[in-house]
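Below is one structure, written out as structure tokens; comments come after it.
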Amino acid sequence: MVHAYAMIDTAAGTAEEVCQSLRDDAGVTEAHVITGDFDIMVELTGEEPRDILQTVTESVRPLEGVGATRTYLCID
């Protein structure tokens with residue numbers, strides 16, 4: 001099992017809606033609106049790293065209001 005975290009920048013006023021949409025995705029374990037340089041932090045899981053990539057490219061980035069993303073794979 002592969003675990004990762006994605007940090008997501010959203011357009012003003014869209015963080016709650018984007019976060020709620022992400023919580024319903026099968027590859028998302030948790031999603032939270034946060035403070036700091038990014039607006040949302042998402043915990044992702046998959047059987048292999050390619051599953052994480054698929055979730056980010058097919059489920060996260062296409063959402064209305066999503067801007068920059070940064071994904072960090074856990075190595076331990």
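Structure data summary
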quantity: Cross-chain or 6+ apart pairs with Cβ under 8 Å, the stretch 8-20 first and at pLDDT 95 or above, then of a type outside the set (D, E, K, R) and open to solvent by 60 Å² or more (accessible area, probe 1.4 Å); calculated: 8/41; 15/33; 16/33; 19/32; 19/33
quantity: Subset of the stretch 40-76 [in contact (Cβ under 8 Å) with a residue 12 or more places away in the chain, open to solvent by 40 Å² or more (accessible area, probe 1.4 Å), under 12 Å from the mean Cα position of the chain (by Cα) and more than 24 Å from residue 1 (Cβ to Cβ)]; calculated: 63, 67, 68
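The values are calculated or read from the model by the stated rules, or taken from the named source; none is laboratory data. Fair warning: this is a prediction, and the values are worked out from it, not measured in the lab. With ideal geometry, Cβ positions are generated from the backbone for all residues, glycine too; neighbour counts draw on all protein chains shown. Accessible surface areas use protein heavy atoms only, side chains included; no ligands, DNA or RNA. Shrake-Rupley method; radii C 1.70, N 1.55, O 1.52, S 1.80 Å.
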